[in-house]
Amino acid sequence: MANIKSQIKRNKQNEVDRDRNRAVKSEMRTRTKTAVKAVGTENEETALRAAIKRIDKAASKGVIHKNNAANKKSGLMRRINALRTKVDA
């Protein structure tokens with residue numbers, strides 16, 4: 001445990017930031033899963049839009065890197081397009 005006042009404060013801030021980042025990442029993963037499950041339904045477009053919005057928001061807040069966000073969006077679109085062709089076939 002730290003004895004220095006500034007380090008005690010820094011530890012508290014790190015804990016708050018960690019909790020917030022975990023919540024943002026969890027929400028991002030949940031929206032992604034929802035978008036994948038929604039393929040072929042009437043709310044497919046809104047679920048996909050919400051997932052992309054959460055990924056972009058996580059990148060803008062600095063929770064994930066912008067290149068990581070781009071990779072996540074690209075992978076999501078690949079999965080959804082593969083499922084769309086499977087549903088259509």
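Could you look through the stretch 26-49, keep only residues that are in a helix (DSSP H, G or I) and of a type in the set (S, T, N, Q), and pick out the one that is surrounded by the fewest Cβ atoms within 10 Å (Cβ to Cβ)?
Residue satisfying both the conditions and the ranking: Ser26.
Quick one: what pairs do we get from the stretch 28-42, first residue farther than 14 Å from Lys72 by Cβ, second surrounded by 15 or more Cβ atoms within 10 Å (Cβ to Cβ) and not hydrophobic (A, V, I, L, M, F, W, C), C-beta under 7 Å, 6+ apart or different chains?
Cβ pairs passing all conditions: Ala38/Glu44.
Determine if the stretch 1-9 includes at least one residue that is in contact with a helix residue (DSSP H, G or I) (Cβ under 8 Å, 6 or more places away or on another chain) and at pLDDT 95 or above.
no
How many of the residues in the stretch 39-64 are in contact with a helix residue (DSSP H, G or I) (Cβ under 7 Å, 6 or more places away or on another chain), at pLDDT 95 or above and not charged (D, E, K, R)?
Result for the stretch 39-64: 10.
Of everything in the stretch 1-11, what is part of a helix (DSSP H, G or I) and exposed (fewer than 10 other Cβ atoms within 10 Å of the Cβ)? Give them in sequence order. Step through it out loud before you land on a result.
First, the residues of the stretch 1-11 that are part of a helix (DSSP H, G or I): 5-11.
Once the filter is applied, which keeps residues that are part of a helix (DSSP H, G or I) and exposed (fewer than 10 other Cβ atoms within 10 Å of the Cβ), the stretch 1-11 yields Lys5, Ser6.
Consider Ile52 carefully, then state whether it is of a type in the set (A, V, I, L, M), within 15 Å of the chain's Cα centre (by Cα) and part of a loop (DSSP other than H, G, I, E, B).
no
The values are calculated or read from the model by the stated rules, or taken from the named source; none is laboratory data. No experiment lies behind these values; they were computed from the predicted model shown. Virtual Cβ from ideal backbone geometry, glycine too; neighbours counted across all protein chains shown.
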